[in-house]
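Before any comments, here is the structure.
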Amino acid sequence: MAAGAALGLEQRKSRRDFGFAAGIVAILAVLFLPVPALLIDVGLAFSIALSVLILMVALWIQKPLEFSAFPTVLLIATLLRLALGIATTRLILANGQKGVDAAGHVIQGFSQFVMSGDFVIGIVVFVILITVNFLVITKGATRIAEVGARFTLDAIPGKQMAIDADLNAGLIDDKEAQRRRRELEEESAFFGSMDGASKFVRGEAVASLIVIAVNVFGGIIIGTTRHGMPLGQAADVFVKLSVGDGLVSQIPALIVSLAAGLLVSKGGTRGATEQAVLNQLGAYPRALTVASALMFVFALVPGLPFLPFVVLAGLMGFIAYAIPQRAAARKALEEAKVAEETATKAQAAAAESVKESLKTPEIELILGRQVAAQIQASHAELSHRVAKMRKKFARQYGFVVPDIKLTDSVALPPKSYQILIHGTVVATQEMRPGEMLVVVGDGPKPDVPAEEVREPAFGMRALWVMDSYAAEVRRTGFEPIDGASVLLTHLSEVIRNNLPQFLSYKDMRGLLDRLEPEYKRLLDEIAPAQISYSGLQAVLKLLLSERVSIRNLHLILEAVAEITPHARRAEQIAEHVRMRIAQQICGDLAENGVLNVLRLGANWDLSFHQSLKRDAKGEVVEFDIDPRLVEQFGSEAAAAIRERQKQVHGFALVTAPDARPYVRMIIERIFPTLPVLSHLEIARGVEIKALGTVS
């Protein structure tokens, strides 16, 4: 059935092609063969109908390229009128002595109706039509087409570059780029063709003048010499026939010229001509109101007709009143449509709300009412600082921390905020709008009214002071900190303390996918044959838990590849990795090229060493230490660490390699941010400054 339909479509297409070719041949035949008056009438009627059809299409197309066949149609229509003009000339000169119906009833009707029986009127009307067509419409359309063709050709390189740029940027695909290039080619070809096609109409106008002159003078000569007609009768008959023939050909030519002018003057305007013209003319009701008032004034001027101007004034005034009403109704309809679409989206969102409620943000900052009001006043600056903080974490630790969701809650105290990690509250603090925080530590306090608190990020002694005392506090040598900076510092420290929770399996695979091809091959050798991807993630999390950056992921993979044939536990692998990236660890902890260290005393090193239980292979399988020793170590280490914290800004605790994880396990309960290194993690070439021992 489908094959039959396709065959029928192909047959109809073939018949249409044959019919079109036959029509062109028929037009050419009219140029040479005599045609009866009846067929002349049919041809002239068809010429008028074709010109009207061309005008209507030119009025209703959305853009000029939709009528890209216009130059071809214009050539065919012009050839048809010229062929009919030659055929009518043949009839006029051969049968003109029979009267004004010698060339058919169409020419007879035009000669009697348009000329009102007087050939002088016909000549005047014909000359006016020729003038309007030749000097006004055709000349203007030709100039527009010429300039449009020139500008279109000049703009082709820039438009092609714009298409290539959009394609390279991924804004469009190959098919869209091909469509745009094809449209650009068609546009340039169309305006170039229109520049030449407009010459057809100008040439036809000149040809019409020549034909009518030939018909008049040739007809008078033939009528007087061949048929014995008096000169006056011959002039009356042949002038009427010739002018009637000229009018029949010039009216369709004028219509087609108007269509060409409308087509090329459309330019970049989209939509039908009536939409483009009426919408833009009616877009300014005040202009219509002024025009209506002016028409009413003209109606009152003595000597001018009252009725036409009053009717025009009333019509323009009514349109000026109706346009805003229609615009308001259209706007209300659009708003109702938007509201309906919004309601539909809301219903769809409500349907998905159960699924959405199961999702919790990885990092969320909840603000009280007063804190939210202060933050919103500088929301743009806060967003910028948060973005900078996330970039800093990415450079420092080698992966991107999740987005931070900012919300407010009436359930919180107005001056409080909470930091949530995976939906769990990890910190709740107070921030006082209108006050600034002064960190004093263990030193003296500035002599201003203040309330003593603990700084939220590091737990140091601090004071909340009013903004008005900021200058006085600075004069005493302290630096007050605004509330937003306090909040961001606290948030930054919370993120550092929870770095392992933010390295998801998806994030790790993304980091591995960005490796160079050589390291991807190394990864394929060790995973999953020697270590699973989840095991590799566990190693990276162990490093991040002690704030060791994973930015040098290729070095970490090399270290993992070295140890995995001999060890499978993530803790053992992490310890080996730490030794291999010792240069990075020491470089991150050193200040001005110097690494400050606090050593574990020999007695404590021996105590921890004796507490490690090993198997036959020498691997640690158990940490068995007396709880009283743990308490004693904690108190002695805390005292020594606090004393050194007063002396230097940052340092590391150094111990034996096998005891390091267990020393870290005890120390992190008291000082979560204090680095604990083994002797093997001190890189060669690093300058060491010993601050003492824990003994």
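The values are calculated or read from the model by the stated rules, or taken from the named source; none is laboratory data. Quick caveat, the model's predicted, so the values are computed rather than measured. In this analysis, Cβ positions are derived from the backbone assuming ideal geometry, glycine residues included, and neighbour counts consider all displayed protein chains.
Points worth noting:
- Filter result (part of a helix (DSSP H, G or I), touching a helix residue (DSSP H, G or I) at 6+ places or on another chain (Cβ under 7 Å) and either farther than 30 Å from K63 by Cα or at pLDDT 80 or above (or both)) within segment 260-313: T289, A291, S292, M295, F296, F298, A299, F306, F309, V310, L312, A313
- For segment 400-430, a residue qualifies if it is small (G, A, S) and either in contact with a Cys (Cβ under 8 Å, 6 or more places away or on another chain) or in contact (Cβ under 8 Å) with a residue 12 or more places away in the chain (or both), and the qualifying residues are S409, S416, G423, A427.
- Inter-residue pairs, beta-carbon under 8 Å, first over 19 Å from T78 (Cβ atoms) and in segment 37-50, second buried (at least 18 other Cβ atoms within 10 Å of the Cβ), 6+ apart: A37/L91; A37/A102; A37/A103; A37/G104; L38/G104; D41/G104; D41/V106
- Boolean, Y417 is under 30 Å from S545 (Cβ atoms), touching a strand residue (DSSP E or B) at 6+ places or on another chain (Cβ under 7 Å) and at pLDDT 90 or above: yes
- Unmet requirement for Q583, which otherwise passes all of (1) of a type outside the set (V, I, T); (2) surrounded by 19 or more Cβ atoms within 10 Å (Cβ to Cβ); (3) in contact (Cβ under 8 Å) with a residue 40 or more places away in the chain: (2)
- Checklist (1) modelled with pLDDT of 75 or more; (2) within 30 Å of D236 (Cα to Cα) applied to A205, failing item: (1)
- Of the residues making up segment 639-659, none is part of a helix (DSSP H, G or I), out of contact with any Leu (no Cβ under 8 Å at 6 or more places or on another chain), touching a residue at least 24 places away in the same chain (Cβ under 8 Å) and surrounded by 16 or more Cβ atoms within 10 Å (Cβ to Cβ).
- Scoring V136 on the criteria (1) at pLDDT below 75; (2) not assigned by TED's automatic domain parsing to the domain that holds A207 leaves a single failure, condition (2).
- Single unsatisfied condition, P433 versus (1) in a strand (DSSP E or B); (2) at pLDDT below 85: (1)
- Test: residue in segment 37-54 that is acidic (D, E), at pLDDT 80 or above and either assigned by TED's automatic domain parsing to the domain that holds G109 or in a helix (DSSP H, G or I) (or both): yes
- So L463, is it under 30 Å from T360 (Cβ atoms) and either buried (at least 19 other Cβ atoms within 10 Å of the Cβ) or not basic (K, R) (or both): no
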